[in-house]
Amino acid sequence: MRGKQDHSRERVLRRDQTDAERVLWQHLRNRALLDHRFRRQHKVGSYIDDFACPEAFLVIELDGSQYLDLVDSDTARTGFLQGLGYRVVSFWNDGVLLRIDDVLHAIVEALGRPDEGRSARLQA
């Protein structure tokens, strides 16, 4: 039996999602993308990922301009996740809002490469 965990931070993040998170979630929820189950604000270790598909070991991060100052922490998070076997793909918020089809195509490509343990910054 699992121990009791505090998920209040994840709940707040799901409730207060960004416009880009809201748009992307509409395309990922209810197994809408290749029948893969995605989770929002999914905790892995001490990190809370924007979206994760645990069955495919894929993490999706959405970044806004505030993340330009957080390169070191992003690198540490990515290294931790890769150490667990996850692949990390990142998109800029404006890429999601302006080019959702390109973003979805990149996610489909990432889902199709389950054996690659790498991180990518996709400019979509």
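The values are calculated or read from the model by the stated rules, or taken from the named source; none is laboratory data. Every value quoted in this text rests on a predicted model; they were computed, and no experiment measured them. Virtual Cβ from ideal backbone geometry, glycine too; neighbours counted across all protein chains shown. With ligands, DNA and RNA removed, areas are computed over all heavy atoms of the protein, side chains included. Shrake-Rupley method; radii C 1.70, N 1.55, O 1.52, S 1.80 Å.
Summary of computed values
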{"item": "Long-range neighbours under 7 Å by Cβ, at least six apart or interchain, first residue closer than 16 Å to residue 17 by Cα and in contact (Cβ under 8 Å) with a residue 12 or more places away in the chain within segment 85-107, second part of a helix (DSSP H, G or I) and open to solvent by 10 Å² or more (accessible area, probe 1.4 Å)", "result": "96/23; 97/19; 97/23"}
{"item": "Members of segment 13-51 that are out of contact with any helix residue (DSSP H, G or I) (no Cβ under 9 Å at 6 or more places or on another chain) and closer than 15 Å to residue 111 by Cβ", "result": "31, 35"}
